[in-house]
């Protein structure tokens, strides 16, 4: 349990590092804005990531229901899956937690000699990363559904007209 | 721990983007982010230069031999014709006030989406060619040469600006990126670099009078269908004349109103309203488009497409013109139409036939916004309204960019909405009125192929909607802009499922108690009004 | 990089003045000729630039509206944010120019989740800019005591107000402190904020360092180095009255100060500093939003190819007839 204690005690530092590593995946010239503008409406990207990373982090400390975790992952990945990232980049932020832990807690882990627990923790992070990839795939699928729905909407009124009269209006052929 | 691979080794990922000066980084022309080029057929139809087959993803854009001279000459010419351009090139101090005001910057984190940098793309070339220090000192003075990669960067970023003017609100000098984007697009047009979703609607509009290319009989059909639909819902068969001479008012709407979902329900709303108040009006199948994609192309194209409105008003002999719900359409009508195609001295100063209100604010243009008109009717108690028919909606209102920042029609729609529904909730301050966030797909960018970019650009808007959706269960986002109504459904579909889009006049049409109507069990969407039947059975 | 280059440029200029006067003895060049050249450059350059701006017409009336339009009489109209006539537009401009109203707008944001300081940072730009510009103006006006004899009442009064706190010997001017403080802030934010560093050019750093150099040498002369005030006044009065004289024994700092000022004013018309003139001409701010009331004329309103109803009917007459639509020609 010693590792968990460290994780709990150093929550703020590790979380902040994880958040900063994640926001650093944005161009340096923008990440300052993403980190500093705290108004959730003027900076939805930074604030969503910061809020949800907090939720995800706490899921390692206390029992959290899987849906909450899935929602958190979805909130972040929904944003990153339409930004200028490859799939691995969009989901890779989850694995950055490992790095944050190692960098922030290296000494404590060494002196407490809790490598087994660390490994178990890292396994959980890996699982979360896989769940993140699911979320990514869902978001991309959604994106294509959105396109499809838009197409449907564009034609729905004329389809209704067609169904009513049984004859397609000429302009559809024409344009 | 050293034998365990680091996470970076496990997944080969560039966690941290490289740090480069802005002149050194290049955008990637990627599907999902960019728009397709203009189809040669339509470029030709409009007599625009250099029609050809090319795509932004190609290496070779098949530019004309002397493309650079053409652009520089075009710049010289426009610096002389537009004080805005000349001044905005000269006076920016790069204070950074605009930097985080752009929805594309906020949603993408791409630093070149900061309005100041978008403008610097043009300014750097301006310095190189029209400024002594820039000529002599080059990059040291912030100048750079116009090359093909620079042109591609222009294409990428100037077709990634929705001309929403939000940055201009915060600029201490009023530098308007919309104006700069318009100049850049005009310049690119000169060498045949434009996008299909601007040129094709413009060509359609030139020929048939509307962006969708609907021919006169198609327009007549659309109106006839609407009459049928409205009869199904209300039991009343309204009269909606097309091309009728001698009517008092010409009514001009964006074409999506009679052809797309959810615009159409607002269209039914207009027709119900006009019938109820007995308005003497006509549609025109030629002026069957109030919107104007010329605004997104060039001032000349805007003028060409806009000319039909006054021409039709004159031909049909109406007294004044009424305009439907549309955003950029009203930017053109408010800021350009009279200058371009006026004076409208053959019309009369608009006067509401029901209330006698003279619309002094449209004394010269002689065109009134439907929300001004309806607000005046409600204020004078000319309408019988049943708010409860909109009870299934929990409503918020999105200020569209152009009505907000190029006109200032903020209170009229709110007054109407508050009179036709019971549940209205404002989005948070800083995201509405003059600070409203763009839908992310205006100015010709509302296409299927750049969906990812649209989702990024629309995030700030969607995020504010999500807030009222979570907090107040808002399920209807109303707006008075045809582009909004076309693109916000997709935005909501992705970011805030469960929120639908509606017109202000859809709510008016729902609430309007019409003389002789049948029991209204369905709303204008043809969907049942919850609880209505039971309540009226008593 | 840009910042460093600009800093070096300013230091080089300072050394140039130092060696030019005390090394090479070119007091007349630095004290008279260069200032005159600078003033002429400024005047000619400024006028030419403004003329160039003014020669470009304003084809369209495109104010950015930031409030409710004037429409129906019972709807409250926001006169300043959405001026309905020239006078209101003038007031809007005045607030913009005197108080940087648009920058102030930055401050609004009270739905917070973090520390308040962040919102402050937006307000800081407004405050820093305002303090800088106003202080610079006061300092500029104060300098007229060097150019006038007797010193007008207004300038004496301004000086007294400016040294209101009566601290230090010589008494410290409030605006000196404010000016240098605000400048330090303006330089600092460009250097420390990644976003601003990204957008900043030499042309942004250079004038800041130049003015900082001017401010520092000025303050140094007043508070620390004792320059020969009588000599300085003799020289400046001479310059002003077009009877230039170069008295002996004015300290080196004065020439550095004067040279930097000369560079600044000569540089002015070719730089972003012209925002001082440009702000008055910005069409999105200085026009009323009364397009629908009064027709705005575009002097070059182009003749464009349009599509007439007749052409339209010619193309679609058959289908229109079939649909029973009214026609001009059967």
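Summary of values
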read-out	value
Failed criterion for residue C:192 (all others in (1) more than 14 Å from chain A (Cβ to nearest Cβ); (2) surrounded by fewer than 19 Cβ atoms within 10 Å (Cβ to Cβ) hold)	(1)
The one condition in (1) away from chain C (no Cβ under 14 Å); (2) under 22 Å from residue B:486 (Cβ atoms) that residue B:236 fails to fulfil	(2)
Unmet requirement for residue C:325, which otherwise passes all of (1) at the interface with another protein chain (Cβ under 7 Å from one of its Cβ atoms); (2) under 30 Å from residue B:408 (Cα atoms); (3) not in a helix (DSSP H, G or I)	(2)
For residue B:33: the one exception among (1) touching a helix residue (DSSP H, G or I) at 6+ places or on another chain (Cβ under 6 Å); (2) away from chain C (no Cβ under 14 Å); (3) in a helix (DSSP H, G or I)	(3)
Lone qualifier among B:354, B:333, B:377 - being in the same structural domain as residue B:478 (by TED's automatic domain parsing) and in contact with a strand residue (DSSP E or B) (Cβ under 8 Å, 6 or more places away or on another chain)	B:333
Flag if residue C:46 is under 21 Å from residue B:141 (Cα atoms) and exposed (fewer than 15 other Cβ atoms within 10 Å of the Cβ)	no
Which listed residue, of B:125, B:193, is away from every other protein chain (no Cβ under 13 Å), within 22 Å of residue B:83 (Cβ to Cβ) and crowded, with 23+ Cβ neighbours inside 10 Å	B:125
Every pair of residues 6+ apart whose Cβ atoms lie under 6 Å, when the first sits in the stretch A:21-43 and is more than 26 Å from residue B:26 (Cβ to Cβ) while the second is part of a helix (DSSP H, G or I) and at pLDDT below 80	A:36/C:118; A:38/C:118
Qualifying position, being out of contact with any helix residue (DSSP H, G or I) (no Cβ under 6 Å at 6 or more places or on another chain) and buried (at least 20 other Cβ atoms within 10 Å of the Cβ), among C:289, C:241	C:289
Residue in the stretch B:447-454 that is without any contact (Cβ under 8 Å) to a residue 40 or more places away in the chain, under 20 Å from residue B:161 (Cα atoms) and surrounded by fewer than 24 Cβ atoms within 10 Å (Cβ to Cβ) present	yes
Positions within the stretch B:353-368 being touching a helix residue (DSSP H, G or I) at 6+ places or on another chain (Cβ under 6 Å), assigned to a loop (DSSP other than H, G, I, E, B) and surrounded by 22 or more Cβ atoms within 10 Å (Cβ to Cβ), in sequence order	B:365
Conditions (1) in contact with a helix residue (DSSP H, G or I) (Cβ under 6 Å, 6 or more places away or on another chain); (2) in a loop (DSSP other than H, G, I, E, B); (3) over 30 Å from residue B:30 (Cα atoms); number of the one not met by residue B:408	(1)
Qualifying position, being under 18 Å from residue B:437 (Cα atoms) and at pLDDT 95 or above, among B:155, B:105, B:159	B:159
Boolean, residue C:218 is over 21 Å from the mean Cα position of the chain (by Cα), surrounded by 20 or more Cβ atoms within 10 Å (Cβ to Cβ) and under 23 Å from residue C:129 (Cβ atoms)	yes
Test: residue in the stretch B:134-146 that is closer than 30 Å to residue B:303 by Cα, over 22 Å from the mean Cα position of the chain (by Cα) and either surrounded by 22 or more Cβ atoms within 10 Å (Cβ to Cβ) or within 14 Å of another protein chain (Cβ to nearest Cβ) (or both)	no
Selection from the stretch C:61-87 of residues that are more than 7 Å from chain B (Cβ to nearest Cβ), in contact with a helix residue (DSSP H, G or I) (Cβ under 6 Å, 6 or more places away or on another chain) and free of Cβ contacts under 8 Å to residues at least 60 places away in the same chain	C:79, C:80
Any hit, the stretch B:48-71, residues being farther than 12 Å from residue B:192 by Cα, in a helix (DSSP H, G or I) and within 14 Å of chain C (Cβ to nearest Cβ)	no
Among residues of the stretch C:244-286, those that are in contact with a helix residue (DSSP H, G or I) (Cβ under 7 Å, 6 or more places away or on another chain), part of a helix (DSSP H, G or I) and within 7 Å of chain B (Cβ to nearest Cβ), counted	6
Enumeration of residues in the stretch C:294-330 that are touching a helix residue (DSSP H, G or I) at 6+ places or on another chain (Cβ under 6 Å) and closer than 30 Å to residue C:98 by Cβ	C:296
So residue C:58, is it facing another protein chain (nearest Cβ under 9 Å) and at pLDDT 95 or above	yes
Residues (outside any helix (DSSP H, G or I), more than 8 Å from chain B (Cβ to nearest Cβ) and either crowded, with 21+ Cβ neighbours inside 10 Å or touching a helix residue (DSSP H, G or I) at 6+ places or on another chain (Cβ under 8 Å) (or both)) located in the stretch A:86-118	A:93, A:94, A:114
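Residues are listed down the side, and each one gets a yes or a no for (1) more than 15 Å from the chain's Cα centre (by Cα); (2) at pLDDT 95 or above; (3) closer than 26 Å to residue B:269 by Cβ:
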position	(1), (2), (3)
B:298	yes, yes, no
B:302	no, yes, no
B:324	no, yes, yes
B:331	no, yes, yes
B:337	yes, yes, yes
B:373	yes, yes, yes
B:397	yes, yes, yes
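The values are calculated or read from the model by the stated rules, or taken from the named source; none is laboratory data. Since the model is a prediction, treat every value here as computed from it, not as a measurement. Cβ coordinates were reconstructed from backbone atoms using ideal geometry, including for glycine residues, and neighbour counts include every protein chain displayed.
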